[in-house]
Amino acid sequence: MELPMKRSSALTSLLRAAGLIHTTAQSAENVCADQVTGFNEIGVFSLHGLSGSPQEIERIVALTADRQGASFYRIIQLEENSSANAWSVQAIFYA
């Protein structure tokens, strides 16, 4: 079951109290190419050989962006290697 990305504050408080989410929840946001005008690029992130769904790979990128102090990220490449059943991803982080 997937929860929507936006939660009410009451639901967030309930989930946090139940230990189902942590206070260090993802805060970096995915943006499109036309939204990054004026943003400061702070780095490029690449990983290869990841297993999981595209949504799980995006979550890894979002959490990494957050840990690196980025407010926004843009995935510029997400590619599945079907013979290895693995994903490669490249993203740009923005302040």
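Taking the criterion of being at positive phi and either assigned to a strand (DSSP E or B) or at pLDDT 90 or above (or both), the residues of region 1-51 that qualify are Gly38, Gly43, Gly49. The conditions of being in contact with a Phe, Trp or Tyr (Cβ under 6 Å, 6 or more places away or on another chain) and more than 19 Å from Ser88 (Cα to Cα) are not met by Gln35.
Each residue in region 52-84 was checked for being crowded, with 16+ Cβ neighbours inside 10 Å, aliphatic (A, V, I, L, M) and assigned to a loop (DSSP other than H, G, I, E, B), and 1 of them qualify.
The values are calculated or read from the model by the stated rules, or taken from the named source; none is laboratory data. Computed from a predicted model, the values in this text were never measured in an experiment. Positions of Cβ are backbone-derived with ideal geometry, glycine not excepted, and every protein chain shown enters the neighbour counts.
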